[in-house]
Structures are given as structure tokens and as C-alpha cells.
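Below is one structure. I have some questions about it.
The values are calculated or read from the model by the stated rules, or taken from the named source; none is laboratory data. Because the structure is a prediction, the values reported are computed rather than measured. Here the Cβ positions follow ideal geometry from the backbone for every residue, glycine too, while neighbour counts run over all protein chains shown. Please note that ligands, DNA and RNA were not included when accessible areas were found on the heavy atoms of the full protein model with its side chains. Shrake-Rupley method; radii C 1.70, N 1.55, O 1.52, S 1.80 Å.
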Amino acid sequence: MSDSTQPDVDVVVVGAGFAGMYLLHRLREAGFTSRVFERADDVGGTWYWNRYPGARCDIRSIDYSYSFSPGLEQEWEWSEKFATQPEILRYAQHVAERFDLYRDIDFETSVDKAVYDDDSGLWHITTSRTETVRCRHYVMATGCLSTSKLPELPGHGSFTGPTYHTGHWPHHEIDFTGLRVGVVGTGSSGIQSIPVIASQAAELTVFQRTPNFSMPAHNGSNDPDELAAVKAEYPEYRQRAKYSAVGVPADPPTRSALDVDEEERNQLYEAGWQIGGLGGLGVFNDLRLNQQANDTAAEFVRNKIRSIVDEPELAETLCPTDYPYGTKRLCVDDGYYSTFNLDHVRLVDLKKTPLERITTTGVETTDESFEFDAIVFATGFDAMTGAIVNVDITGVGDRTIKNYWEDGPKTYLGLTVAGFPNFYAITGPGSPSVLSNMMVSIEQHVDWIMDCIEHMREAGLTSIEPTPEAEAQWGEHVVAVADLTLYPKANSWYMGANVKGKPRVILPYIGGVGEYRRICDEVAVSGYSGFILS
Ligand code: FAD
Ligand code: N01
């Protein structure tokens, strides 16, 4: 019989997306034993689940890729600036094969419950295969955008045709040719998929509750000279990314949008629009801080929409007006706005006529009934906290994470939680996470966790837990930084506003990835200040 005071493995990792995969690799290299549990039947996380038409990254692939292996980054060839979902999934599978990760991952296995045992100082992790594994350290690499969300509408499940959620797309090809399709939602997933679905469907009806700001991707194949130049200096390039604002090397803008006259400002915006992508309009330093500055960028994009969409009233409906530019996640598109010039594409403004119910044949708004052959829900995720609170996690003294986070997530550094010793959340709430190139943030958290548990091993320590004071101070800092910006003005998923009943608090840390890295490094160098080690 096994000794219940001893762990079965040093570390249990939940999730085999980019975070879980890299963590497994580092754990093995450092000689820790581990088990990785993954609900899906393969690696890839986001890129396993989000197979909707048009899915691709919107951070350039030369940036949105692992930096930990010089061989990998030199040998892997991205075919486009923004790789497609199948290509990114192939990359994840290649990494799993290259570093022999598959053999240590239990697929088709969910972690349902995790209980900290005060006596042994071990976590007891229970899986959907009813196995319980004891471990010293428990890491949630469960993803910020992995818990998909359907609209809470009467009649769900009554539609007799096929329904799809972008975040849970089938593995076989879905052909919408000749069909009447309804798409609900106009966030990044809707905006990427709508032009592709429109190219197949006989009729496409898009249900928009809030219009989004979207930048053109100007995607295409990578310039071989540019690629060679980046590869020639990849270590320095990656280093710049690590200390940048959002995890992509860029010189920060130094001027206010209000320092230049309208003509110059619009010339700079136009040049940015021609480059495209998320950072295209990031030519001024106060767009996220000053409403007046922000209005200039917002109006520039609205004018672009007006110039692309033929019908003026339709163009106005597509123009975001009730939140500042960039405070809901910006989108990057390939022909989104011009799709609405097609005769067979219709936009329904849910602000005027809200959705009332799903019916057996389609959907109903307050003034019309729609019949469809298929419905696509591009309705997003219970972001950042959903995947964590979905597991029944109990820490010291029966404290559950669900109750503890009832009024919003509490973390120290977005990584650890008071009362939950040896528990870590990769890219958790209170870290830059979704406001960054997530590859950079994932690697940073994994490296920090590895340094921490190696330090503990060397020092003969078995437990690390943040103090309630350090956690509270970090929480106040996260909110204070957000309050300096315009982010709290939007009803975004960054604020938890997209899920009914979810507390309205800022979820990611807005201080920037470079600054955040410095803070985390200082905590470690100072002997893990803010933590109790024993
Ligand atoms: P995930 O990839 O979400 O993996 C988490 C894994 O955990 C999943 O496989 C899930 O099945 C598993 N899991 C969750 N709970 C459990 C459980 N209880 N038991 C077992 N397994 C569990 N970020 C960028 O920086 N740039 C981009 O261009 C970009 N594009 C994106 C496009 C889409 C469509 C989406 C949805 C997100 C995008 N993101 C992007 C964010 C993306 O989620 C991250 O970049 C990254 O892939 C997250 O990796 P991860 O390993 O942390 O989480
Ligand atoms: O989800 P979203 P997403 N009735 O929450 C609408 C990443 N990502 O899957 O805004 C009617 O952004 C909702 O309306 P509103 C990226 O970080 C990246 O599109 O709440 N409508 C909104 O329009 C992104 O931000 C890429 O008013 C309802 C939409 O559904 C994140 O993932 C691609 C509704 C949901 O938009 C999530 O993006 C894809 C209801 N009841 C995703 N409920 C890249 O390009 C929701 N909506 C890299």
C-alpha cells in the first residue's frame, strides 16, 4: 500500500496547451516527476478547440511562438505572417513530438477536484477517470479562454438544425455551402469567421450586440529577408519582447495624440492602418489613458468603416460608439467590414431588437423571427477565471477557490493564492496574460514557477504560499493601475462583464509585461517576499 504522506509525483499540471507543454518540458529537464491531465485527445489547447473557419493568430507567428529552444525557432518555418489554426496546431504537435511530451500526458482526462491535505501538505487531485493523484505542487495551465460560453436564452437546445460554438468546433470540415446561416457574436471569433462563412452560405445573418473595432490583418506570406533577419538575431529579438509592453518588440510611442495637429495625426493613423494588426494605431502613448486622445483613434477607425461599407446606415451600425477604442479586445480581420456589402449578408442590431429566444427553426428577436439551417455561436468565454473555478479546489481549512473568488479573483502576482499552498495559475487573473503576446507570458510564468520550486528543493522547503497582505496589496495595485486607464469604461470580458453574475473587476494586469517581469524577478531575488516558505 502506498504511503499517504508521500506524493505520487512532484507536480500535477492541468492542461496541455502551450503552457502545460512547456511546463512539462521544464519539469522533466529539472528532474521533477509529473503528471499532466488534458481533457482533449491531443495537445494544443486553444488551437485544438478553436477550429472555426478563418481561425488564426493575430500576433505575428514569429512572435507568437516558443522562444525556449533555439533549434525549434530556427528550424520551424511559418508560412504566413499570421498562421492559421491548423498550422499552429501542427506546431504544437511538432513540439510535443520533438520534446517527447506525449508519453507523460493523460488525454481525455479532466481534473474535477483538488483538495489540499493539511496533514501531509500534499494536493489530492481527482480526475474524471476517478483516479486520485497526490502531488506536492499543483499547476493550473488551464487557459484563459478555454471555457466557452453560450448565450443564456430561452429555448436553448430546441433548434433542430446543427449549432456550433467557435470555441468548441467539430474536427471534421463544416461546409455551409447553400445554407441559411445565423452567426451570433461579433468579437474576434465572429469577425474572423464571418467573411469565410459568408463566402459559402446562401444567406448569412449576423447578430451584433456590440460593434467592435477591427484592424486589417494585411496577412500574407512572410518576407524571406525579414524572416532571415529576425532569425539571425532571435535571442536579442526575444529579449526585447520580454521587456516590452505587450510581449512584442516595439519602440514605445513617446508622443500624445494631442501633441500633433489633426492632419499629422491622421497621416500617422493611416500609415498604421496600412501596416495593420493589433499595434497598427499604437503610434501615441495616451490612447488607453486619455479619452480625448482615444476619441481620435476611435473616429479614425469609424471613418474607415464608413469608407468601406457602402450603405451609410449599415456603416453606422457597425461603428463602435459606446466604449473607448482598444478597451474591448481589438480585433484583426480579413475583409470583415466589406463582407456587409454582399447582398446575401445581413446585419441585425441587437441593441435595437434584442434576441429573445432560440426556436426549433432559428431565433427570434423582439420584432422578427429568423429561420436557419445552421447557427454559429461566436459568443466567447468565461475568461480568465472560468477554467479555474470549474474545478472544485479546496485549500487550507476548507477554503474553496469558488467562494474565495466570489467577489472577484484574489491572487498574488496573478500566479498564487493565499490559503492555497503550492498552487499556481499560469497567466492567471492579476497578471498581464491576455493583454500580451501570451507565449511570452506563458514562458515567463513557467520559468518563474520552475525557479521557485527548484529553489524550494535546494533549500529543503516543502511549502510556499502568499501572505494575505501581499495578496491584498497586489490586488489593490492591479485595480489602481487599471483605474489610470480607460479599460474600466468598457463592458468587456477583461472586466468580467460578459458573464451574468460575474463580479465586475479588472482581470488582467495592465502594467505591461516588462514591468511585471521585473516585479516577479525582484520578488524571487529578495527571497520570495510576500510569501511564507516553510
Ligand atoms: P489553452 O491553450 O487554453 O490550454 C488549456 C488546456 O487546458 C485546454 O486544452 C483545456 O482542454 C485544458 N483544460 C482546461 N480545464 C481542464 C480540466 N479541468 N481538466 C483537464 N484539462 C483542462 N493569444 C495570443 O497571444 N495571440 C494570439 O494571436 C491569440 N489568438 C487566439 C485565438 C483564439 C481563437 C483564442 C480563443 C485565443 C487566442 N489567444 C491568443 C489566446 C490563447 O488562448 C493563448 O495564446 C494560448 O494558446 C493559451 O495557452 P494555454 O496553454 O495557457 O491555454
Ligand atoms: O469572444 P468575445 P470571442 N446575445 O467575448 C456576443 C481571443 N481570440 O470568442 O460584446 C448576443 O470577444 C458579444 O457581444 P457583447 C481574443 O482574446 C483571438 O470572439 O458582449 N450577443 C460579442 O460580440 C478574444 O477577445 C482571436 O455585447 C452575445 C461576442 O458574442 C477572445 O479570444 C480570435 C451574447 C463574443 O465576443 C474572445 O473572442 C478569436 C448574447 N447573449 C478569439 N453573448 C484572434 O484573432 C455574447 N454575445 C487571435
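I'd like to compare 86-97, 256-267, 369-380: which one has the highest average count of other Cβ atoms within 10 Å, and what's the full order after that?
369-380, 86-97, 256-267
For region 118-182, report the convex hull volume of the alpha-carbon atoms normalised per residue, in Å³, without decimals.
Hull volume over Cα atoms, normalised by residue count, gives 192 Å³.
Limiting things to C-alpha atoms, what are the Rg and the maximum Cα-Cα separation (Dmax) for region 312-359, in angstroms?
Cα-based Rg and Dmax for region 312-359 come out at 13.0, 35 Å.
Contour minus end-to-end for residue 351 and residue 90, with contour as 0.36 nm per residue of separation and end-to-end as the Cα-Cα distance?
90.0 nm
Based on DSSP H runs of at least 4 residues, each adding -39500 (n - 2.57), what is the mean residue ellipticity at 222 nm of the chain after dividing by all its residues, to the nearest 500 deg cm²/dmol?
-9500 deg cm²/dmol
In nm, give the distance between the simple-model label positions of residue 120 and residue 390, each being 7 Å from the Cα along the Cα-to-Cβ direction.
Here the modelled spin labels are 2.8 nm apart.
Using alpha carbon centroids, what distance separates region 190-242 and region 423-439, in Å?
Answer, in whole Å: 21.
Here is a follow-up. Starting from 0 in steps of 10 Å, tell me what percent of the Cα-Cα pairs of the chain lands in each bin.
Per 10 Å bin, starting at 0, the Cα pair percentages come out as 4, 18, 28, 27, 17, 6, 1, 0.
Separation of region 512-534 and region 55-130 by C-alpha centroid, Å?
Cα centroid of region 512-534 versus Cα centroid of region 55-130: 25 Å apart.
When you take every Cα atom in region 67-208, what is the radius of gyration, and what is Dmax, the widest Cα pair distance, in Å?
Values for region 67-208 (Cα only, Rg and Dmax): 20.7, 64 Å.
Another question, then. With no solvent and one equal point scatterer per Cα, compute the Debye intensity ratio I(q)/I(0) for region 193-346 at 0.11, 0.17, 0.19 Å⁻¹ and report its log10, rounded to two decimals.
-0.53, -1.08, -1.22
Here is a follow-up. Using only the Cα atoms of region 170-211, each taken as one equal point scatterer with no solvent, compute I(q) by the Debye sum, divide by I(0), and report log10 of the ratio at q = 0.33, 0.34, 0.35 Å⁻¹.
-1.16, -1.18, -1.20
Could you state, as a whole-number percent, how many of the C-alpha pairs of region 1-101 are farther apart than 21 Å?
Taking all Cα-Cα pairs of region 1-101, the fraction more than 21 Å apart is 40 percent.
How much of the calculated P(r) for region 215-298 lies past 17 Å, in percent of all Cα pairs?
57 percent
Counting only other residues whose beta carbon sits under 10 Å from that of residue 209, what net charge do I get with K and R as +1, D and E as -1?
Around residue 209, the surrounding residues sum to 0.
Follow-up question, since we're still on this one. For region 418-534, what is one quarter of the convex hull surface built on the Cα atoms, given in nm²?
So the Cα hull casts an average projection of 7.6 nm².
While we're here: Work out, step by step, the length gained on full extension between residue 129 and residue 321: first 0.36 nm times the residue separation, then minus their alpha carbon distance; give nm to one decimal.
Stretched fully, the residue 129-residue 321 segment lengthens by 64.2 nm.
Starting from the 7 Å offset along Cα-to-Cβ, what nm value, one decimal, do you get for the label separation of residue 171 and residue 200?
Going from the residue 171 label point to the residue 200 one covers 1.8 nm.
Let me ask something additional. So what does log10 I(q)/I(0) come out to for region 141-247 at q = 0.12, 0.14, 0.20 Å⁻¹, using the Debye formula with one equal point on every Cα and no solvent?
-0.68, -0.83, -1.21
Let me ask you something else. Averaging the inverse of every distinct alpha carbon separation and then flipping it gives the Kirkwood radius. What is it for region 338-482, in angstrom units?
Result for region 338-482, one decimal place: 19.0 Å.
Can you work out D for region 487-528 in µm² s⁻¹ from Stokes-Einstein, where Rh is the Kirkwood radius over C-alpha pairs, the temperature is 25 °C and the viscosity is 0.890 mPa s?
Approximately 203 µm²/s, per Stokes-Einstein.
Another one. What's the whole-number percent of alpha carbon pairs in region 267-340 lying beyond 22 angstrom?
18 percent
Same structure, new question: May I ask you to list the residues of region 77-91 whose amide nitrogen lies under 18 Å from a point 7 Å from Cα along the Cα→beta-carbon direction of residue 223?
Label zone hits: 78-83.
For the pair residue 400/residue 262, report the inter-label distance in nm, with labels modelled 7 Å from Cα in the Cβ direction.
5.7 nm
I've got another one for you. Give me the net charge of residue 154's neighbourhood, meaning all other residues with Cβ under 13 Å from the Cβ of residue 154; Lys, Arg count +1, Asp, Glu -1.
Residues close to residue 154 contribute a combined charge of -2.
Determine, from the Cβ-Cβ distance of residue 74 and residue 361 and an R0 of 60 Å, the FRET efficiency 1/(1 + (r/R0)^6), rounded to the nearest 0.05.
Efficiency at R0 = 60 Å is approximately 0.65.
To continue, here is another question. Accessible area of residue 334, 1.4 Å probe, to the nearest 10 Å²?
Spelled out: residue 334, probe radius 1.4 Å, area about 120 Å².
Just subtract the alpha-carbon distance of residue 291 and residue 30 from 0.36 nm times their residue separation and send over the number in nm, one decimal.
89.1 nm
For the chain, what % of the accessible area comes from carbon and sulfur atoms, probe 1.4 Å?
Ligands and nucleic acids excluded, carbon and sulfur reach 49 percent.
While we're looking at this one, here's another question. Let me know the Kirkwood hydrodynamic radius for region 416-468, please, with Cα pairs as the basis and the value in Å to one decimal.
12.0 Å
Take the Cα atoms of region 364-450, build their convex hull, and give its volume per residue in Å³.
Taking the convex hull of the Cα positions in region 364-450, it is 163 Å³ per residue.
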